[in-house]
């Protein structure tokens, strides 16, 4: 499930899993360039431009993957940031180190994209961290009691949270022209901003509703794994089944939840 705010740690983990498939890119389209020692300056410049052009699709691929993990990001801005990393990779690449240029460029592209995101992020890392820890705590509570606590409840548990959320809302850019989700209205209360309402309705409600339709054992596995962050081996031990069986239950439950959400749009 996605998050509407930028979180470098979670996005990086997501991206690392996503770009694992890019190894095929390096294997299928490895670029073989001639030695540059005896080239003229004009030939070196032409070779540099060729490298940049041939690796440019990698920038677009990584940018699109980041955009899926961070929906608010502008893909064109991500591509622009990634191009900075690509150019730096081409200029600094040393083939004698035994690393293919695609793998080296990918690392610098990702780093440049994150640098761009961080510069445009209106919130400090401390505020982001506090919001992330609050969400993690909400899911732990939900795993224990079966229902998701509201942000009001979380503020009662942590007196500093209200100030943190206020800073986040003050610095978040919200379009006044963007329509609210279907069925959502905003009253006089300032407890929730439109972004929080949209996230809770489209993500939390959809997921929990889908999980509640599962058989008891599948529901327990999903709550433990995704909300309690309990690894599958520990879940298997808790249920008294093999790790393979726990993994099978998880796959079956995940498919059922996906099918339910796809057929019950929110």
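I'd like the per residue volume of the convex hull spanned by the Cα atoms of the stretch 57-156, given in cubic angstrom.
Cα convex hull per residue, to the nearest whole number: 145 Å³.
Could you sort 154-163, 92-101 so that the peptide with the highest average Cβ count within 10 Å comes first and the rest follow in order?
Listed from highest to lowest mean packing, they are 154-163, 92-101.
Which distance in Å, rounded to a whole number, links the C-alpha centroids of the stretch 201-266 and the stretch 100-118?
34 Å
Return the distance in nm (one decimal) between the two label points of a simple spin-label model at residue 261 and residue 64, each offset 7 Å from Cα along Cα→Cβ.
Each label point lies 7 Å from its Cα, and together they span 2.1 nm.
Laboratory data are not the source of any read-out in this text; all were calculated from the coordinates shown. The model shown is predicted, which means the values in this text are computed figures rather than measured ones. Backbone-built Cβ (ideal geometry, glycine too); neighbour counts: all protein chains shown.
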